[in-house]
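Since the structure comes first, as structure tokens, the remarks are kept for the end.
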Amino acid sequence: MDLLKLTALELGEKIKAKEVTVREAVDAVIGQIKEAESEIHSFVTIDEEGAYAQAEEIQKKIDVGELTGPLAGVPVAIKDNMCIEGQLTTCSSKILSNFKPTYTAEAVENLRKAGAVIIGKTNMDEFAMGSTTETSYYGPTRNPHNTAHVPGGSSGGSCAAVAASECYYALGSDTGGSIRQPSSFCGVVGLKPTYGTVSRYGLIAYGSSLDQIGPVAKDVSDCAAILETIASHDPKDSTSMDRDDCDFTEALVDDVKGLRIGIPRDYMGEGLDPEVNDAVMKAAKVLEEKGAIVEAFDLRLVKYAIPAYYTIADAEASSNLERFDGVKYGYRTKDYDGLHNMYKKTRSEGFGPEVKRRIMLGSFVLSSGYYDAYYLKALRTKALIKKEFDRAFRNYDIILGPAAPTTAPELGKSLSDPMKMYLGDIYTISVNLAGLPGMSVPVGKDSKGLPIGMQLIGNVFEEKTLIRAAYTYECATKKMHETPANVGLMSEKEVR
Amino acid sequence: MAKQYETVIGLEVHIELATKTKIFCGCSTEFGGAPNTHTCPVCTGMPGSLPVLNKQVVEYAMAIGLATNCKITQVCKFDRKNYFYPDNPQNYQISQLYLPIARDGYVEIESGSGKKKVRIHEMHMEEDAGKLVHDEWMILHLSIITEAVCHL
Amino acid sequence: MIKLANKISDETIEYVGILAKLELSEEEKEAAKKDMEQMLDYIDTLNELDTTGIEPMSHVFPVQNVFREDVVTNGDNKEATLANAPLRKEDSFEVPKTIG
């Protein structure tokens, strides 16, 4: 299936050159979805009818020269925590299992304006709370590279869909690593931009001071083009930045001469899988051979990031999720006795155990008597962590390390020990606390065939530096680690 | 021997500001609309909606603060008061707890025993709860809290 | 293995349940207690950090004075607002009795 092997930009070019129609592109992904979905389960909703209707409309606009952008006509999948008007938007939760927003998220609207064809909504950990996509009300997604393993989370569906060639790219969201970690587990490129770069309007909030929407793509060029399309200043989002440097594709340059790369010693020690360590160090070597200056350094306060993050994120989540009460939308319990009983039953029945766990912790740390000791303490820690990164970026342009301490764990092995699961976020979490951009790039596979990703962290607003380094790495390795999964129509066993 | 009690009174006054739109969204504040007509995803707490502050609210609040001899807080912020009730769509009220817009003012009044200063502890901006019968979600609000100063 | 220093009482779990508007079974309450104790012990490691003089930081870089003009931009959105109502009575959301 050659059409499925194309990247988003390559497909966009072929559509522009009239070598491929938008309808044919939709045929290709729908065909792959039909073959692979029963195994992978990336999607909550597949909108086949809607996709073909969009395809027709977009083809017309391309034909008359109204849509000329590089992603026009390219099918995309959207994580199910981003509202799309008239489309089921569930956050993979029972409590929103019947919710159809009457408005569309700004980031998705930006894609629409660029001519994207929205194929469906992808599976996720419930309300983005999780690292394996196993807390979904709709059942887990499986890693397309080895279906006995998780795809990571919480954007597991988006990353699996791209890896399984069920779409050409996807949007994910990242609060503590939810784009970068599953991207590394699924062997795709994922980017979380600087906080405020992409509007959060229409993104169902988890941790408001940490959430960002970002691209999940087959390669770095696609990633840059998608980010360029979704980034915008949105007056409907008070935290939206007005940046004048969103021409991210300008950074697709094969050159890292003199780039200062720091590898934190704290990242590369105990707890890191040796195969992951190897692959990441090899990748650093590639960049060094291309002229980057690579050295180890001490990034302090690493161990405090996780407790600070879970205090802040859970506190914010407990407040953000209060609106789910069965009054205005979503699930409402059938039998109740008065208002407060209705609230309690609706929420207890509608939320899964991980969500309840985090809401309870969040409510506790915000409650009077504990607010100072826990919540404010965590916010002070956050300030210190940011200071630490400021110090590091005086000496380095990029901080390089693994995206996760291991490759994807097996299904069913993570949820029984939540603390252990939380510790897996060690590399990604501090990036959200400090509002920095971070990118995951595939750098190899382990002996089980599971992908390994390296994480590149930049200073605020330095997405272009990350993109340049990642692109250089891709050129040097001829994209050998960016291979789609052997699943469905892409399976080598198939003879077509 | 009868006990002597001194009456001490403090007031919390809620003022609805005469802006054209609500505090955090562009819905009209016009009175008397049919239920739920002047609503939008923001003031009805829809998932993914975000508040954006009405500039006029800040200007009016500062004006009232200055008119009552308050100190205007140079850096103020909003906080959430979390509680569950159907007139409160997000089940939290956006208010100002720690850094209200104005503080430490006074108003002079005539009393039986001459001129008196009613000290104003603080003024803060907040969104008002809706009505359970018909919609008035998110009309904005200025809360004035006096100190306990009326001795009768 | 961290020695559990935080002990969550039954009252605390009840209280947290009220704050979070969640109804937990006895089993869930026990599990919640253990979970919270473990998490809070872990969060206690933050006390190793000296944060005197450090302001709590909500937002990483200041985005100040973001306003909107006092101009009506929304019209009659009644149908959209009520579109997902679990229970609708004419033009309102119907909820259980709030008093009594």
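When +1 charges are put on Lys and Arg Cβ atoms and -1 charges on Asp and Glu Cβ atoms, the dipole computed for segment A:202-259 relative to its Cα centre reaches about 240 debye. Can you tell me the FRET efficiency between residue A:479 and residue A:66 if r is taken as the Cβ-Cβ distance and R0 is 45 Å, rounded to the nearest 0.05? Using R0 = 45 Å, I get an efficiency of 0.85. Consider all pairwise Cα distances in segment A:371-496 and report the whole-number % of them above 17 Å. Counting every Cα pair in segment A:371-496, those more than 17 Å apart make up 69 percent.
Residue pairs exceeding 25 angstrom between C-alpha atoms, taken from A:257/A:386; A:328/A:377; A:387/A:464; A:192/A:382: A:257/A:386; A:328/A:377. Placing +1 on each Lys and Arg Cβ and -1 on each Asp and Glu Cβ, with no other charges, gives segment A:269-372 a dipole about its Cα centre of roughly 640 debye. Selection among A:95, A:196, A:454 by position relative to the dipole of chain A gives A:95 as farthest towards the positive end (Cβ unit charges, Cα centre).
Of interest is the spacing of the C-alpha centroids, which for segment B:1-79 and segment C:36-100 amounts to 17 Å. For chain A, the membrane-span-like helix rule (DSSP H, alpha carbon extent of at least 24 Å along the helix axis, mean Kyte-Doolittle at least -1.0) picks out A:22-40, A:377-395; this says nothing about an actual membrane. The mean number of partner chain beta-carbon atoms within 10 angstrom of a residue's beta-carbon across peptide C:83-93 is 6.
For segment A:170-203, a decrease in accessible area of 40 Å² or greater in the assembled protein chains relative to the isolated chain, with a 1.4 Å probe, applies to A:201. Would you work out if chain C is rounded, prolate or oblate? Take a ≥ b ≥ c from the square roots of the eigenvalues of the alpha-carbon gyration tensor; rounded if a/c is under 1.5, else prolate when a/b is larger than b/c, oblate otherwise. It comes out oblate by the Cα gyration axes. Across every pair of non-identical alpha carbons in segment A:278-370, the mean reciprocal distance, once inverted, gives a Kirkwood radius of 17.0 Å. Net charge of the neighbourhood of residue A:237, taken over other residues with C-beta under 10 Å away and scored Lys/Arg +1, Asp/Glu -1, is 0.
With point charges of +1 on the Cβ of Lys and Arg and -1 on the Cβ of Asp and Glu, referenced to the Cα centre of the protein assembly as shown, which listed residue (A:160, C:59, B:38) lies farthest in the positive direction of the dipole? Result: C:59. Residue separation of residue C:34 and residue C:48 scaled by 0.36 nm, minus their Cα-Cα distance, works out to 2.8 nm of gained length. Annotation: per residue accessible area for chain A equals 32 Å², rounded to a whole number [probe 1.4 Å, protein chains only].
Charging the Cβ of each Asp and Glu at -1 and of each Lys and Arg at +1, and nothing else, the dipole of segment A:1-124 about its Cα centre rounds to 280 debye. Here segment A:256-334 and segment A:382-437 have alpha carbon centers that stand 2 Å from each other. Annotation note: GluC sites (Glu not before Pro) in segment A:1-55 located in DSSP loop regions with a Cβ neighbour count of at most 15 within 10 Å are A:19.
Let's test the formula: R0 of 41 Å, r as the Cβ-Cβ distance of residue A:98 and residue B:12. What FRET efficiency results, to the nearest 0.05?
Details: r = 41 Å, r/R0 = 0.99.
Once rounded, the FRET efficiency stands at 0.50.
Every helix of 4 or more DSSP H residues in chain A counts as -39500 (n - 2.57), and over all residues that averages to -11500 deg cm²/dmol at 222 nm.
For chain A, A:83, A:91, A:167, A:223, A:246, A:475 have no disulfide-compatible partner, since no other Cys C-beta lies under 4.7 Å from theirs. For the peptide A:372-378, the mean number of other protein chain Cβ atoms found within 10 angstrom of a residue's Cβ is 4.
A dipole drawn for segment C:1-47 from +1 and -1 charges on Cβ atoms has a positive end, and of C:25, C:46, C:6 the residue lying farthest that way is C:46. By how many degrees, between 0 and 90 and to the nearest 10, does the Cα long axis of helix C:10-20 differ from the longest principal axis of chain C? Orientation of helix C:10-20: about 30 degrees from the principal axis. The packing ranking of peptides B:81-91, A:85-95, highest mean first, is A:85-95, B:81-91, where packing means the average number of other beta carbon atoms within 10 angstrom of each residue. Taking all protein chains as present, what is the carbon and sulfur share of the accessible area of chain A, in % to the nearest whole number, probe 1.4 Å? Whole-percent figure for carbon plus sulfur exposure: 49.
Residues within the reach of a label modelled at residue B:58 (point 7 angstrom out along Cα to beta-carbon, backbone nitrogen below 19 Å), restricted to segment C:25-59, are C:58-59. Taking every DSSP bridge with both residues inside chain A, close to 65 percent are antiparallel. A simple spin-label model places pseudo-atoms 7 Å from Cα toward Cβ; at residue A:281 and residue A:340 they are separated by 6.0 nm. Remark: mean inter-chain Cβ contacts per residue of A:340-348 equal 6, using a 10 Å Cβ-Cβ cutoff to other protein chain atoms. With 24 Å as the limit, the listed pairs B:20/C:21; B:71/B:117; A:34/A:121 have B:20/C:21 beyond it between alpha carbons. Label positions at residue B:75 and residue A:18, each projected 7 Å from the Cα along the C-beta direction, are separated by 6.1 nm. For segment A:1-103, chymotrypsin sites (Phe, Trp or Tyr not before Pro) meeting the loop criterion (DSSP other than H, G, I, E, B) and having at most 12 other Cβ atoms within 10 Å: none.
Residue ranges A:112-119, C:29-36 sort as A:112-119, C:29-36 when ordered by packing (mean number of other C-beta atoms within 10 Å per residue, highest first). Averaged over residues, the count of other Cβ atoms within 10 Å places the peptides A:76-83, A:155-162 in the sequence A:155-162, A:76-83, highest first.
The values are calculated or read from the model by the stated rules, or taken from the named source; none is laboratory data. Since the model is a prediction, treat every value here as computed from it, not as a measurement. Because the Cβ atoms are built from the backbone with ideal geometry, glycine has one as well, and the counts that use them run over all protein chains shown. Note: areas computed on protein heavy atoms with side chains; ligands, DNA, RNA excluded. Shrake-Rupley method; radii C 1.70, N 1.55, O 1.52, S 1.80 Å.
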